[in-house]
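Trainee: Okay, here's the structure, questions in a sec.
The values are calculated or read from the model by the stated rules, or taken from the named source; none is laboratory data. Everything numeric in this text was worked out from a predicted model, so none of it was measured. No Cβ is skipped: glycine too gets one built from the backbone with ideal geometry, and neighbour counts run over all protein chains shown. The accessibility values were calculated without ligands, DNA or RNA, using every heavy atom of the protein model including side chains. Shrake-Rupley method; radii C 1.70, N 1.55, O 1.52, S 1.80 Å.
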Amino acid sequence: MNSFLPEVAMVTIAALAPILAAALGGLATEYVGVLNIALEGLIMAGGFAYVAVGGTWGPAAGMVAAITVPAVLALAQDGFARKARADAFVVGLAMNMLIPGAASVMSELIFGTKGVVALSALASGTLAPGAVHVPVVGPVLFSQRWSDILALLASAVVALGLALTPFGLRLRAAGMKPESVELAGLSPGRLRDGAYALSGAACGVAGMAMAAAIGAWVPNLSAGRGWIALVAIYLGRKRLKGTFLASLSFAALLALATLAQAVPSLPAGLLGAVPYLVTAVAVILGSAARGQYARKIKA
Amino acid sequence: MDALALVGIHKSFPDTGTVALSGADLRVARGEIHALVGENGAGKSTLARIACGMLAPDRGGIEVRGSAVAFRSRRDAERAGIGLVPQYSMLAEGLTVAQNISLGHEPRRLGLFYDSRRAEYEAAMLAQRYGFSVPADAVVAALGPSQRREAEILRAMARGADILVLDEPTSILDESETRTLFDLLRRLRAAGAAIVYISHRAREILDLADRVTVLRDGVALTTLAAGQLDECGLAELIAPTGACASGRDGASAPGQPVLQFLGAEAGPLGPVDLVVRSGEIVGVAAFAGNAMDTLEDLSAGVRLPDRGTVAAFGLSMDRLRRRGHRIAYIPTDREGRGMSLRSSLRDNVLAGRLSGYSPVEYAARKTPHADALALAKSMDVQGHMAAPAEALSGGNRQRLVLARELDKRPELVVVANPSQGLDPAARSKALGAIRKARDQGAAVLVLSQDPDDIRDLADRAFVLYRGKLKPIDSEEAGGLSALLTGART
């Protein structure tokens, strides 16, 4: 029991890395008023780019690709939606369907398989393997993977950018009243592009972290993290702090489900489904609570 | 040399099929206040947006201080020193005043982070310089209309603009705020600024402007020195319909009490005792923004009094079943409360009648469409039935709300700032419609920051001063505005 809490903390932090990165990237698009629904697909694009490029040129090149490829995809997604005046929601859904298919085709072309591509060279090492036995800090921090720490750092950068920079301010202004930024001599469309590129890059980092955690590309790598991130934004009331807390809660749930699978008497399959069930229940309760709140305000 | 010259400007909007400008000219000199007048839909706002680089003309030239320019964006116009105070709020509601003002030119710390303290300091200094009361650190959503307008003006001035375009800046200001604004504009003029002032209000224009350019159907009809004009002549130029022959007529025959305030208190307001009977128009002239807003909210049942009661048809506002009565409400916040900008003109104008159609009738669309056309025509709303209400000019929006609300013989009419955004011809038509409602037995409460509205409409009049109502003689036409300004000091 002594090692239980640090272990939960450790697994929670690892689970938090991809969810938080994706959620904060999504929040940037929520700021401009057009939530990017394609987080799930973009995470996959990041993970696949990491493995596909990293497999030939090494993990560092893989990371660069994992950030740039989804960023460019998201930019193209928004560019198309704006130019064609298409519904951003529908275009985002299409991205979520296109990316796994495209990844599968390219996986066949590059690696000759549509299934798992395991490349041990791409698996991330831990921060300080020698220091793992230091009490508390050892398991909680030093045994974390490099890739997860990078994803958390990237999340911190995105959070700072949204909360404290002129860019974040402009995104919010563009979302509240596009004319306010237009009158300030800025382009609401460009800001929306910027938010989308940021969401793509952040999701790419999340995908990289997930692929590096297992040192492999697997179909459905993202395993619903993008959807969980969307729910975290929603439950976090579209605010930075709320989104962080919601992401942390989901990460803790995922961690508990993972750890509980080690208990032989519990059904592993059911436990794996628990975070997703909780997500669904949270959405329903969350929207019900909001409905009540709205009614109260009206009355 | 002109500070700003717009020559032969053409602009049409293919989306809605409207031609806004067909060869309009405007020349504004340094140290001049130049009024741009015209009917609703004459193209004033379009010309303003083009002058400020927010809209590209289809054809025509723009010159700033004698050299030809082509604005590719708002930023180009901003660099050329052109500031805009838009007709509708272009402030981001959830941000502070300072954030809105600094947007696009944010002060930074370490070259990276937004320096909110400096932004607030700069905004506060700016406000102080122009004698404005708007707090720099306040969130816009928490401000009243006049402070929002102040923030809007500060934003336009923040980049040191020396060519300033104001699009109906006084439409939501009271007398005293208007005078403050005029003083400011005169000071700017003395400092050499060129000011384009768009307005409907003849008296205001004659008071303030050096020259007047009249826009009609997208072309500049004429430019005259303001000294050559009187109120009537100017109104005739804007819309040649004998519009200046407006005024009070008809008589009231008060009946049953319909709307009652009994010791009602809420926020800055009260206690207020007031009875509005069927068949009469009660006018309340207001100066301070806040208490006027509160009085409007109470009258419309949007807010309940903290103490005392507000009742309509003998029921307190929270018990009142609105469906059972014909209540018309024409709000100050036209875009927020009075209409849905994203819905079509047709849906907006029909919103009050929808329950009257059978599903089959509604689906067939023929009857509703014909009704919408007739309703829009009753108030001369100009625009495409299927286009979103967003595309309508301010005056047309006001007409739309008036047409919808005064439809179907209302029993109670609560109307705030009825003539906001209306040209003289449309104003007299709107006032006529309100009088007609009274003559058909409605109890009418008019709240207005424009003393002329109260003078022209009210059978009984009050002035709202420091949250309390004082009865005044509405017949005393000229005295009202003196009373308003006198009561303030």
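Trainee: Being open to solvent by less than 40 Å² (accessible area, probe 1.4 Å), touching a Leu at 6+ places or on another chain (Cβ under 6 Å) and within 22 Å of B:ARG187 (Cα to Cα), is that true of even one residue in segment B:4-19?
Mentor: Looking through segment B:4-19, none of the residues is open to solvent by less than 40 Å² (accessible area, probe 1.4 Å), touching a Leu at 6+ places or on another chain (Cβ under 6 Å) and within 22 Å of B:ARG187 (Cα to Cα).
Trainee: Out of (1) away from chain B (no Cβ under 14 Å); (2) open to solvent by 50 Å² or more (accessible area, probe 1.4 Å); (3) in a helix (DSSP H, G or I); (4) touching a Lys or Arg at 6+ places or on another chain (Cβ under 8 Å), what's the single condition that is false for A:ALA212?
Mentor: Going through the list (1) away from chain B (no Cβ under 14 Å); (2) open to solvent by 50 Å² or more (accessible area, probe 1.4 Å); (3) in a helix (DSSP H, G or I); (4) touching a Lys or Arg at 6+ places or on another chain (Cβ under 8 Å), A:ALA212 breaks only (2).
Trainee: Further question on the same structure: Among the residues of segment A:36-58, which ones are surrounded by fewer than 23 Cβ atoms within 10 Å (Cβ to Cβ) and either within 16 Å of A:THR243 (Cβ to Cβ) or touching a Leu at 6+ places or on another chain (Cβ under 7 Å) (or both)?
Mentor: Selection gives A:ILE37, A:GLY55.
Trainee: Restricting attention to segment B:197-213, which residues are outside any loop (DSSP other than H, G, I, E, B) and of a type in the set (A, V, I, L, M)?
Mentor: B:ILE198, B:ALA202, B:ILE205, B:LEU206, B:LEU208, B:VAL212, listed by residue number.
Trainee: Can you find a residue that is more than 18 Å from A:ALA209 (Cα to Cα), modelled with pLDDT of 95 or more and in contact with a Ser or Thr (Cβ under 9 Å, 6 or more places away or on another chain) anywhere in segment A:3-20?
Mentor: No, segment A:3-20 contains no residue that is more than 18 Å from A:ALA209 (Cα to Cα), modelled with pLDDT of 95 or more and in contact with a Ser or Thr (Cβ under 9 Å, 6 or more places away or on another chain).
Trainee: Every residue in segment A:117-143 that is part of a loop (DSSP other than H, G, I, E, B), out of contact with any Lys or Arg (no Cβ under 9 Å at 6 or more places or on another chain) and closer than 23 Å to A:ALA60 by Cβ, please.
Mentor: Once the filter is applied, which keeps residues that are part of a loop (DSSP other than H, G, I, E, B), out of contact with any Lys or Arg (no Cβ under 9 Å at 6 or more places or on another chain) and closer than 23 Å to A:ALA60 by Cβ, segment A:117-143 yields A:LEU119, A:ALA128, A:SER143.
Trainee: Right, another one. Which one of these does B:LEU112 not meet: (1) open to solvent by 60 Å² or more (accessible area, probe 1.4 Å); (2) in contact with a helix residue (DSSP H, G or I) (Cβ under 6 Å, 6 or more places away or on another chain)?
Mentor: Unmet for B:LEU112, out of (1) open to solvent by 60 Å² or more (accessible area, probe 1.4 Å); (2) in contact with a helix residue (DSSP H, G or I) (Cβ under 6 Å, 6 or more places away or on another chain): (2).
Trainee: On to the next question. Is it fair to say B:ALA425 is among the hydrophobic types (A, V, I, L, M, F, W, C) and crowded, with 24+ Cβ neighbours inside 10 Å?
Mentor: So B:ALA425 fails the test.
A quick yes/no check of all residues on (1) in a helix (DSSP H, G or I); (2) free of Cβ contacts under 8 Å to residues at least 12 places away in the same chain; (3) open to solvent by 50 Å² or more (accessible area, probe 1.4 Å); (4) within 14 Å of chain B (Cβ to nearest Cβ):
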{"position": "A:ALA76", "(1), (2), (3), (4)": "yes, yes, yes, no"}
{"position": "A:VAL90", "(1), (2), (3), (4)": "yes, yes, yes, no"}
{"position": "A:MET95", "(1), (2), (3), (4)": "yes, no, no, no"}
{"position": "A:GLY101", "(1), (2), (3), (4)": "yes, yes, no, no"}
{"position": "A:SER107", "(1), (2), (3), (4)": "yes, no, no, no"}
{"position": "A:THR113", "(1), (2), (3), (4)": "no, yes, no, no"}
{"position": "A:ILE149", "(1), (2), (3), (4)": "yes, no, no, no"}
{"position": "A:GLY161", "(1), (2), (3), (4)": "yes, no, no, yes"}
{"position": "A:PHE167", "(1), (2), (3), (4)": "yes, no, yes, yes"}
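Trainee: Out of the residues in segment B:395-415 that are on the phi < 0 side of the Ramachandran plot and outside any helix (DSSP H, G or I), which is most open to solvent (accessible area, probe 1.4 Å)? Don't jump to the end; show me each part of the working.
Mentor: Of all residues in segment B:395-415, those on the phi < 0 side of the Ramachandran plot come to B:395-407, B:410-415.
When the remaining residues are screened for being outside any helix (DSSP H, G or I), the result is B:406-407, B:410-415.
On the way: B:LEU406: 30, B:ASP407: 32, B:PRO410: 10, B:GLU411: 58, B:LEU412: 2, B:VAL413: 1, B:VAL414: 4, B:VAL415: 0 Å².
Checking each candidate, the answer is B:GLU411.
Trainee: Next up: Out of A:VAL140, A:VAL117, report the one residue that is within 24 Å of A:ALA15 (Cβ to Cβ), in contact with a strand residue (DSSP E or B) (Cβ under 7 Å, 6 or more places away or on another chain), crowded, with 18+ Cβ neighbours inside 10 Å and touching a residue at least 60 places away in the same chain (Cβ under 8 Å).
Mentor: Checking each option against the conditions leaves just A:VAL117.
Trainee: Hey, can you tell me all the residues within segment B:115-134 that are surrounded by 17 or more Cβ atoms within 10 Å (Cβ to Cβ), away from chain A (no Cβ under 13 Å) and aliphatic (A, V, I, L, M)?
Mentor: Correct list: B:ALA123, B:ALA124, B:LEU126, B:ALA127, B:VAL134.
Trainee: Here's a follow-up. Across segment B:280-339, what is the total count of residues that are in a loop (DSSP other than H, G, I, E, B) and either open to solvent by 60 Å² or more (accessible area, probe 1.4 Å) or over 17 Å from B:GLN420 (Cβ atoms) (or both)?
Mentor: 17
Trainee: Quick one: what pairs do we get from segment A:182-194, first residue more than 7 Å from chain B (Cβ to nearest Cβ), second among the acidic types (Asp, Glu), C-beta under 7 Å, 6+ apart or different chains?
Mentor: A:PRO188/A:GLU182; A:ARG192/A:ASP78; A:ASP193/A:ASP78
Trainee: For segment B:373-394, which residues satisfy the criterion of being in a helix (DSSP H, G or I) and closer than 19 Å to B:SER12 by Cα?
Mentor: Answer for segment B:373-394, where residues must be in a helix (DSSP H, G or I) and closer than 19 Å to B:SER12 by Cα: B:ALA389, B:GLU390, B:ALA391, B:GLY394.
Trainee: Any idea how many residues of segment B:275-321 are free of Cβ contacts under 8 Å to residues at least 12 places away in the same chain and basic (Lys, Arg)?
Mentor: 2
Trainee: So A:LEU253 clears everything in (1) closer than 25 Å to A:THR126 by Cα; (2) at pLDDT 90 or above except one condition, right? Which one?
Mentor: That leaves (2) as the condition not met.
Trainee: So, in segment A:219-252, exactly how many residues are open to solvent by 70 Å² or more (accessible area, probe 1.4 Å), hydrophobic (A, V, I, L, M, F, W, C) and over 11 Å from the mean Cα position of the chain (by Cα)?
Mentor: Result for segment A:219-252: 2.
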